[in-house]
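Notes follow the structure.
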Amino acid sequence: WSLAHHGSALRLRLPPDEHRRVVSAALRRPPRHGRGPLLLYVLDVMELPDPVLPQLPALLGPDVPAAGVLVVGNKVDLLPADSRGHLGRLRQRVAAACAQAGLRGAALVDIRLVSAKTGFGMEGLVSRLQRSWKCAGDVYLLGATNSGKSTLFNTLLRSDYCKSRAPDIIDRATVSPWPGTTLNLLKFPIINPTCDRIFRRQERLKEEATKTEDQLSSEEKRYLNQLKKQGYLVGRVGRTFQRQKSSPEIDFDPDMLSYSMDEDPRPSPKKREEREEFTYNEVKDARWCFDTPGIVKEDCVLNLLTEKEVKLVLPSHAIIPRTFILKPGMVLFLAALGRIDYLQGEKPAWFSVLASNLLPVHVTTLSNADAVYEKHTAEEFLKVPMGGEERMKEFPPLVPQDITLKGIGTTEAVADIKLSSAGWVAVTAHAEEELLLRAYTPKGTALVVREPPLLPCISTIRGARIPGTPAYRTKKPPSFVENLRTTGSR
C-alpha cells in the first residue's frame, strides 16, 4: 500500500540467504507438464560483471530440471551509443560474463538486450520466447535486486506473451528502487502460441513497422515523446489479441430516484465491484510466468543508502556522459560515494563519468580533496549521503585501492573504474601512457576495474571545453524508436 499510493516502502531487510531460499524452493518444485522451467535471468547491463550471475548454478543445484536459461540484458535504454555497433559489443560483454559464470552451450538458450521500461527489444523477446519455448513449461524471472525484473514482468503482462484477460485479473508487480519489494511469487498465464496466433502477431508487427511517427495517434506520440526523454532506445509493445469488453449495463432503482419536495435526494448505495477471476478451463493446463524476489547484491553501496538516496543514485533517465580532463595531482568526486585520484602520469587524461544525472561530480586538487570531503559530505554540495553529521556517524569511511593503467589512444578508453552501483568512470589516456590512480569507495562495497570498458569511445561524446575548467560541455545523443519507419523514408 505504501509503495502503490505513497511511493515509499517499509525498511524491510531480508538476509541474502533468505532470498535465495525462497527462490531456490520455487525452482525445486516438481516439474509440471513433464518439462522443467525456463529461467529468464534479468541482468542490468550497467552492473557488469553481474554479481549474482556466478551464483546461478548453486541456486539451481543439481536436482533442478531446468531446460535452459535465457539471459536478458536490461536497461540498454540508459546508455548512449558511443560508436557504431555498440549493442553488438554490449551483447558480447554479456556473453563473456555468462561464459565466465559457467553458463554456456545448451544451458544458455539465448541472450537478448532490452529495455523493459521503454519497450526496446521487448517484441523481439516475446517472439523469441514463443518461437523457442512455445508453451512447454513454466517460466521463472530471476535476477538481482534493481535489475528491472518487476518492470519486465509488467511489460510482458501487457504483451502478446500472456493471455488476453490476464491484465484485468493479475496484480502488477510493485516497481520500486527499494531493494527486495517483491516478496512473493506473482504470476500470469502464458498464452499458447498456436500457428494462427503467431501468424496474426507477425502480420501486426509488419503493419506497425511500416508506420511513421506522423501516422501515430496523438496519444501514441505523447507516450513516445515521454519515453524519448527517459531513454535513448525506445520500442512499442502492442497487443494482437485484445479482449472484447462488453458495454457496462446500467442498473438503477426507480424508487431510489423518487423523493418528496421536503427531503433531500438519497445517494444510491455503491455496489461492491466483484473481482474478476480465471475460469477453471482457462488455467487448468496453463503454463505460468513467475516473478521471483530479487536476490540481494552483497558489497553493494545501495545497501548503505536510505530510500531517498537510492532514488538519486539509480538512473531513471538516459545517462548523459560528463567528461573531464585531469592532470596528475587532481581528484574527481562522484557525490561522496566515490573518489578517483590521478597520482602519477606524464600527460593529462580524460575521465568520463557515467552515473545518474542527479549525482554531482566535483573536481579539485589532491591537496584540497580531504578538506572538501570533510566539509561537504552529507551536504547539498556532494548530495549523497544526505543528512549532515548524524548521517555520517553511521556511514562507513572511503577505502582506497591503487590502480595502474596503460593508455591505448586518445579516442578509446582503456578501462572503467566501477564505483560499486553508484556508476563508473571510463579512463582514456594517450597511447602507452602509464597512469597511477587511487580509487575510493565506502568500506564494505565493491570497486571493480572493468577491462575492456563497456563504452570504449564514450569520451568522444562531448561538447566544447568549458573555458577555465577541466570540464567539457555535455552532449546528449538522439533517441531511436524501434520498429518505426523514419519520416520520408521508403
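Just a few scattered comments:
- Residue check for residue 413: farther than 22 Å from residue 337 by Cα, loosely packed, with under 14 Cβ neighbours inside 10 Å and in the same structural domain as residue 352 (by the TED database): no
- Tally, over region 66-102, of residues that are closer than 15 Å to residue 47 by Cα, assigned to a loop (DSSP other than H, G, I, E, B) and at pLDDT 95 or above: 2
- From the list 113, 125, the lone residue that is open to solvent by less than 10 Å² (accessible area, probe 1.4 Å), in contact (Cβ under 8 Å) with a residue 12 or more places away in the chain, assigned by the TED database to the domain that holds residue 292 and aliphatic (A, V, I, L, M) is 125.
The values are calculated or read from the model by the stated rules, or taken from the named source; none is laboratory data. Computed from a prediction, not measured in an experiment: that's the story for all the values here. Ideal geometry is used to build each Cβ from the backbone, glycine not excepted, and the neighbour counts take in all protein chains shown. In case anyone asks, the SASA skips ligands and DNA or RNA and just uses the protein heavy atoms, side chains included. Shrake-Rupley method; radii C 1.70, N 1.55, O 1.52, S 1.80 Å.
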